[in-house]
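Asks: Take this structure, written in structure tokens, and hold onto it; I'll ask about it next.
None of the figures in this text is laboratory data; all of them are computed from the coordinates on show. The structure presented is a predicted model; accordingly, all values stated were derived computationally and were not measured. Quick reminder, even Gly has a Cβ in these numbers, built from the backbone with ideal geometry, and neighbours come from all protein chains shown.
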Amino acid sequence: MTHTTTQITSPPKPSEILLHLGPQHPLQPGPFLLDLKIEGETIREAELKIGYIHKGMEKVFEDRTYIQILPLTDRICYLASNSNNDVYCRGMEELLGIEPTDRAKYLRVLTNELCRIQSHLLGIGEYTTDVGFLTMFIYMVREREGIVSLLEAITGSRLNHNYARFGGVAHDLPPGYKEMALKTLGELKKLVKSHDEMLSSDSVYLKRTKGVGVLTASQAKELGVAGPPLRATGVEYDLRRVEPYLVYDDLDFDVITQTDGDVFSRVKVRLLEILESIYIIEQVLDQMPTGPYKQNVMPYITRPAPGEVYSRIEDPRGEMGMYIISDGSDKPYRFRIRGPAFATAQALPPLLVGTYVADVAAIAASMDSCTSEVDR
Amino acid sequence: MGIFVDIYDAIMNFLIFFFSTWELAPWVRGIVGGAVIGGVFGGALVMVYLERKFLGDIQSRIGPNRVGGRFGLLQLIADAVKLFTKEDIIPANADKWLFIGAPIVALTSGFLMVAVIPFDLLVIKGNEYALAVSTMDVSILYLEAVSALAIFGIFMAGWGSGSKYSLLAGFRNIAKMIGYEVPLGITIISVAVMAHSLDIVEIVKAQSSIWFIIAQPMGFVVFGIALLADVGRIPFDQTEAEEELIAGWATEYSGMRWGLAFFAEYFHAVVGAIVVSLIFLGGWNGLPLIGNLWIPGIFWVIVKAIFVMMGMIWVRGALPRLRIDQVSDIGWKVLIPLAMLNLVWSTIIGLMWA
Amino acid sequence: MVDENADNEMVDGTRDIIEPPKIDRTIMVALSETFKDGVFDVDVPLPNRAVARIDPGRVKPIMQFLLDNGFDHLSCISGVDHPPDKMEVVYHVTSYSGPLVIALKASIPRDDPKIDSLCDIYWNANWYERETYELFGIIFNDCPYLKVLLLPEDMEGEWPLRKDYAGYPNPT
Amino acid sequence: MEIIDSFIPVAVFVLFGLVIPLAIMFLVKQLSPRSKSPAKFTTYESGSVPTGSANIMFNVEYYALAILFVLFDVEVLFLYPWVTVYVNDTVMNAVFGFSTGLAVFEMFIFLLVVFLGYVYAWKKGVLQWIK
């Protein structure tokens, strides 16, 4: 793939139009500008322009103490706030040389997987509404409510959870949580299975998604994507398996892959990952050890030794990495956020070239890019 | 029940007597027939409400539930008030007359369709009177012709808005309709073949023993799909696909001007539903085997039309949107051969009946 | 591992059937042997992490070597400002078949921050380089579209992530 | 009833179609607020300033389809008068001297010819949406 597929290189011919999709377009999860040069219904060139909600987080973090950064990591991507907390805390634990308690590890896995489920549910919902299937969107949002309530019961908040702490987590489970979770998840499992069946048998849906926006495994690797778009091409790359963090070593789960690499497969991977996450959570609830949920010493002014760390996690969208450089003070010297959505957003324009205007919504939504995180 | 029929017949007798003796009957009939427009307009309102509630049920949500009590009955009134008091904007680089004309053309097309729709057949002193604003020998041909006017309306809106989304939608509309007018026409012919007439009244009368949906189910399917495409509802709403083209041809329309275009769409959907109930579902003929059950024919037409509308809403709840090239493919490669096959089938059946 | 790769080959028939290179820390030895004076200060702080400094003039052959040895995923490019005299470009390179993340640091002079672009080697380097350019003013030679990505266009030339940045507007 | 009688109500309905929207728009003009600002009168393009005109030379990629559509519509027009007379022996015999079966047979031949042309167009790829 060449870089010319990411840019609009020439002015439109008389038969072509330059169409701006964004920054306010119904297909978008957040503001970005997608410039399309189209001829008839076919896209000749595409260019993605981002930065409409650039928050300068990396600069802001350099001016905050380590504890102050923690709630801000939620805001990188509100659908993956637990993952972001966790990756930051694990990085900091490495710098500080402490280890979370066993129970905290399980609790973090639990919240991470719940977070993945609700993110995937909303991702699939957004996707289905982008192919004109509003019904499935509403079903998905309805199902997501239950998961968000489960997260709320643990963390006390529905969107920006801010749950992980250095060396532990913020709270323990509320009483009776296991029964409540198993009940909700059991219902969710049935519903997701029936939705999967519905989507796999709806002929119009299949027409819209099969063979659309195809990525082969080698292309996906070249474009540098990770997460569901990569696994949909058949590459079994999941950081939970490749680089087992927390307690994923002790848990039994499959890395979900599909083979076609098209839009349908990407959604299918997410659907099946929801089921897999439910399976993980059931194990976590069974195996959860008793004991303290956080370290006794909670340093309020954290001054890690000079050094640097690159910690990463399997976000709902792919590989989330944080590169923290400490100079021994109470603020990071440099804080770099490597977001998964940034990588998938970069890979979007080459996928769009040569497809139809109507497929833009399907392809863009199937990559499940989070604009908030792309812009940071 | 019988008393209602008597009262209904008495009113109708009076009206027919009244019109047939008045010298200016056609003119007056046209003006009084405006009530039918009002009736279908009310039907469009019912469909909007039905869509909100029934689609809400399908999608496991409530739908309007604040304005006008628990069931949101006054939501439409609130919407109308909102539309009336919204600012009307004509974009600077729009073609002004096309822009203004488009909703008028679409709405007029709907009105003209209403003119020939018979709602009932009254037999008075051995004479048959169709309860229609205007009767003609070729009403089904006329119906198809004026319904095609709406395509011009949408294209006028698409081209005249001066917006790129609208332009794409306008071209999509043309591309879609040239694929679907042909199967629509052929299925209408296959219906007419069995009734040996192009008059809707005759077509409905021919269904007194057996509905045409039973005689030619394939024709019903083809007609239904083509009708969905004609009125532009999911899965054929490419012309206003929200996630692709904002609102398609209606992007630049605001306030009541948008409201008119919106109502024109629902008007077409309602008229389409009535047409389906007339030419495939037996019209005022009641149910097969059971008969009319002493209920006046007009109610049968309305009940059947409501069922067709619910079917349209159901389809919308159950299916995503097709892509425009797939729409074109389905029209040309599936529906046209099926429609021709159905024509041959219905001709043979029609001959056997004759 | 072997099974996974067999699956992959079944998926993508066009790929050559080559045993993928082993992703482990021996790559660091190979790297420092191949580029004798190009790679130095090799350190392996954690089982999955390796750090090294590289000669900024030889970044392209080093990356090509890594790509040929199975490190097919450029995870991230970060700039780090070390006033008063130098800047660092940190490359995090990893692989789609193993956990090892190699952080390679190239120090460049602060008054003339230039380094070769990796866009020919790793396709996805493009946006990372553009981001580093607009935030630090590090110029990547031959980057195909080196212009602002996240910032507004009139902020080009501000370099906000440099340590001495005083705030907008700050014409430099 | 004369034919013109059937169309007089139609003419009245055309008047309705013209008058009702205009009356509604007049009413709206009295009710709705007005505030002029230049940005309000640009066309909507997702919040970006539109570049280039929308009234372009569009590639008529379905030109062949349009021609085919005209052909089919003409075919359908041929069928319309035929449906009313094909069983009516007296008319057919009086005008053409055909019996029923013959008229149907002839129309099938006609349909077959059209269908062959349709298959030919399909094979030539006319029905394919151009990418």
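Asks: I'd like the distance between the alpha-carbon centres of segment A:253-295 and segment B:275-337, rounded to an integer number of Å.
Replies: 45 Å
Asks: Please compute, for peptide B:82-94, the average count of beta-carbon atoms on other protein chains lying within 10 Å of each residue's beta-carbon.
Replies: Working: counts 0, 4, 6, 4, 4, 8, 7, 5, 1, 6, 5, 7, 3.
Shielding by partners across B:82-94 averages 5.
Asks: Then there's this: Of all the Cα-Cα pairs you can form in segment A:171-262, what percent are over 20 Å apart?
Replies: 60 percent
Asks: Which one, B:I306, B:I213, B:F71, projects farthest toward the positive side of the charge dipole computed for the protein assembly as shown from Cβ point charges (K/R +1, D/E -1)?
Replies: B:F71
Asks: From the phi of every residue in segment B:189-194, what ³J(HN,Hα) in whole Hz does the Karplus formula 6.51 cos²θ - 1.76 cosθ + 1.60 yield, where θ is phi - 60° and glycine or proline is x?
Replies: After applying 6.51 cos²θ - 1.76 cosθ + 1.60, I find 5, 5, 6, 5, 4, 6 Hz.
Asks: Other chains' Cβ within 10 Å of B:169-176 residues: what's the mean?
Replies: Partner-chain Cβ atoms within 10 Å, mean over residues of B:169-176: 3.
Asks: Report the Stokes-Einstein translational diffusion coefficient (µm² s⁻¹, integer) for chain A, Rh taken as the Kirkwood radius over Cα pairs, at 25 °C with viscosity 0.890 mPa s.
Replies: Taking Rh from Cα pairs, D becomes 115 µm²/s.
Asks: While we're looking at this one, here's another question. Considering the options A:L352, B:F152, B:M352, tell which one lies farthest towards the positive end of the dipole of the protein assembly as shown, charges being +1 on Lys and Arg and -1 on Asp and Glu at the Cβ, about the Cα centre.
Replies: Positive-end residue among those listed: B:F152.
Asks: Quick one: which of D:115-123, A:339-347 comes out on top by average Cβ neighbours within 10 Å, and what's the full order, highest first?
Replies: Final packing ranking: A:339-347, D:115-123.
Asks: Taking Cα atoms, how many degrees apart are the long axis of helix A:263-287 and the longest axis of chain A, rounded to 10 and kept between 0 and 90?
Replies: Taking the Cα atoms of chain A, the angle to A:263-287 is about 10 degrees.
Asks: Here is a further query. With Cβ to Cβ distances under 12 Å as the rule, what net charge do the other residues near A:A305 carry (K, R +1; D, E -1)?
Replies: Overall, the nearby charge balance is -2.
Asks: Next up: Can you tell me the 0 to 90 degree angle between the C-alpha axis of helix B:297-318 and the longest principal axis of chain B, rounded to 10?
Replies: Taking the Cα atoms of chain B, the angle to B:297-318 is about 30 degrees.
Asks: Could you give the radius of gyration (one decimal) and Dmax (whole number) of the Cα atoms in segment B:207-354, in Å?
Replies: 17.7, 55
Asks: Students often check this: by mean Cβ neighbours within 10 Å, which of B:32-40, C:24-32 ranks highest, and how do the rest follow?
Replies: The most tightly packed comes first, giving B:32-40, C:24-32.
Asks: At a 10 angstrom cut-off on C-beta neighbours, averaged per residue, how do the peptides B:153-159, C:130-136, B:305-311, B:61-67 rank from highest to lowest?
Replies: Output ranking for B:153-159, C:130-136, B:305-311, B:61-67: B:153-159, C:130-136, B:305-311, B:61-67.
Asks: Let me ask you something else. At what distance in angstrom do the alpha carbon centres of segment C:61-78 and segment B:23-99 lie from each other?
Replies: Centre-to-centre distance over Cα atoms comes out at 62 Å.
Asks: What whole-number distance in Å separates the alpha-carbon centres of segment A:154-197 and segment A:107-144?
Replies: 14 Å
Asks: Suppose R0 equals 60 Å. What FRET efficiency, 1/(1 + (r/R0)^6) with r the Cβ-Cβ distance, do A:K13 and B:V5 give to the nearest 0.05?
Replies: On the way: r = 68 Å, r/R0 = 1.14.
About 0.30, to the nearest 0.05.
Asks: Oh, and also: Where the only charges are on Cβ atoms (+1 Lys, Arg; -1 Asp, Glu), what is the dipole of the protein assembly as shown about its Cα centre, to the nearest 20 debye?
Replies: Once rounded to the nearest 20, the dipole reads 1960 debye.
Asks: Could you tell me the calculated FRET efficiency between B:V81 and D:K29, based on Cβ-Cβ distance and R0 = 22 angstrom, to the nearest 0.05?
Replies: 0.90
Asks: Can you work out the Karplus-derived ³J(HN,Hα) for every residue in segment B:257-265? Use 6.51 cos²θ - 1.76 cosθ + 1.60 with θ = phi - 60°, whole Hz, and x for glycine or proline.
Replies: Couplings: 5, 5, x, 4, 5, 5, 5, 4, 4 Hz.
Asks: Here's another thing I want to ask about it. Charges only on Cβ, +1 for Lys and Arg, -1 for Asp and Glu: so what's the dipole of segment B:212-342 about the Cα centre, in debye to the nearest 20?
Replies: Here the size comes out at about 460 debye.
Asks: Related question: Please say if segment A:230-376 is rounded, prolate or oblate, where rounded means a/c under 1.5 for a ≥ b ≥ c the square roots of the C-alpha gyration tensor eigenvalues, and otherwise the choice is prolate for a/b larger than b/c and oblate otherwise?
Replies: Oblate, because a/c is 1.5 or more while a/b does not exceed b/c.
Asks: Given only helices, namely DSSP H runs of n ≥ 4 each adding -39500 (n - 2.57), what is the per-residue ellipticity at 222 nm of chain B, to the nearest 500 deg cm²/dmol?
Replies: -22000 deg cm²/dmol
Asks: So, one more: At a Förster radius of 45 Å, what calculated FRET efficiency corresponds to the Cβ-Cβ distance of B:I349 and C:Y168, to the nearest 0.05? Numbers along the way, then the final one.
Replies: Details: r = 79 Å, r/R0 = 1.76.
That pair, B:I349 with C:Y168, gives E of 0.05.
Asks: Shifting gears a bit: Averaged over peptide B:237-247, how many Cβ atoms belonging to another chain are found within 10 Å of each residue's Cβ?
Replies: 6
Asks: State the three equivalent ellipsoid semi-axes of the protein assembly as shown, derived from the C-alpha gyration tensor as the square roots of 5 times its eigenvalues, in descending order and whole Å.
Replies: The equivalent ellipsoid of the protein assembly as shown has semi-axes of 64, 30, 28 Å.
Asks: To continue, here is another question. Charges only on Cβ, +1 for Lys and Arg, -1 for Asp and Glu: so what's the dipole of chain B about the Cα centre, in debye to the nearest 20?
Replies: Its charge dipole is roughly 660 debye.
Asks: Can you put C:C76, A:C370 in order of Cβ neighbours within 10 angstrom, beginning with the fewest?
Replies: A:C370, C:C76
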